[in-house]
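Just so it is clear, none of the values below were taken in a lab; they were calculated from the coordinates. Everything numeric in this text was worked out from a predicted model, so none of it was measured. Every residue, glycine among them, receives a Cβ derived from its backbone with ideal geometry; neighbour counts consider all protein chains shown.
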Amino acid sequence: MVKYKAWDLILGQLRENQVFSMKTSFKISVLASGSRGNASLIQVGQTAILIDAGISCRRIVQGLKARNLLPSDLGGIFLTHEHKDHIAGLEVFSRTFGEVPIFASEKTWTRLPFRRTMNRDQMRVLPRSCVVGCLRIQPFSIPHDAIDPVGYEIFYNDRKCTYLTDCGFVTKTCEQAVDGAETLILEANHDKEMVRAGPYPAPLKARILGREGHLSNRAAADLLKKVDVPPEVVFLAHLSEMNNSPRLAYDTVKSVLEDNPRTRDVTLYVASQKEAVSNFSLK
């Protein structure tokens, strides 16, 4: 049976001091996820990295502090793409904490208007693979309406965590990145019928549902069902506030996972726009 780790969140009862049992090598804290800002902290041992900085610098620092970390403890910030909900806090953070390296693809850097005011020593062009502490980080291309969007495979010895959001459809590359991941942060952005029946103008609906848009709840579930080696832990992320709900995302994915013996024991979390969700105790 799929474990109800996300259910308390749906009922508004989950808080940052909630005690969880660790199931994987990766300590994950999705500090925020959604259309208004994204930032995810990934830790193994003394190594910590941040994926995206789409919330305020203050909120990032508070999230780190709650996990007994300083900004200087970050081995790097890795950007997925240049959209505002993934970089909103980056300018202030980079100006305040100039010792933290920031990784982005060469094309993505060209779309960051504040790059000219940044400390050039902290600006890193994303390589095909790099090592930060005990982690090896490897980007992979994803289909989205940005200049050069990527997801990330994060390796710790023979174990892997994969980050995949803002993805219009699942390519073979995306499927391979998810296959065998111990922990997965996966987009479940919308319910297709809610998008179609909702108030958005037709061009925006077409963008969301298009091949450079976002993954639906059902697409996320189908991906989990399809991979040969499904993850042990999944964070459903980047939920639309207008075209989805935590309950609907959770139930849609859960129902598919429970139909497959290989995925019945997957632990699901639902990331939140308003508060951090972690797979470990902060005490």
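One table, with the values for the structure above:
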item: Per-residue Cβ neighbour rank within 10 angstrom, fewest leading, 64, 282; result: 282, 64
item: Global size of the stretch 217-283 as Cα Rg and Dmax, reported in angstrom; result: 12.4, 37
item: Built amide H within the under 5 Å cut-off of residue 47, gap 5+; result: 134
item: Long-range HN-HN contacts of residue 126 with modeled amide H, under 5 Å; result: 104, 105, 106
item: Within the stretch 7-278: Cβ-based charge dipole about Cα centre, in debye rounded to nearest 20 (Lys, Arg +1; Asp, Glu -1); result: 500 debye
item: Taking 169, 103 and counting other C-beta atoms within 10 Å, the order from fewest to most; result: 169, 103
item: Efficiency of FRET between residue 141 and residue 68 - r from beta-carbon atoms, R0 30 angstrom, step 0.05; result: 0.30
item: Among 114, 268, 184 - extreme Cα towards positive end, dipole of the chain, charges at beta-carbon; result: 114
item: Taking 172, 225, 84, 27 and counting other C-beta atoms within 10 Å, the order from fewest to most; result: 172, 84, 225, 27
item: For q = 0.08, 0.13, 0.16 Å⁻¹, Debye-computed log10 I/I(0) when each Cα of the stretch 7-278 counts as one equal scatterer; result: -0.29, -0.80, -1.27
item: Top positive-direction residue, dipole computed over the stretch 7-278 with Cβ charges, set 235, 157, 72; result: 72
item: Mean-position separation - Cα centroids, the stretch 228-270 and the stretch 28-55, in angstrom; result: 19 Å
item: For the stretch 38-178, size of Cβ-based charge dipole, Lys and Arg +1, Asp and Glu -1, in debye; result: 280 debye
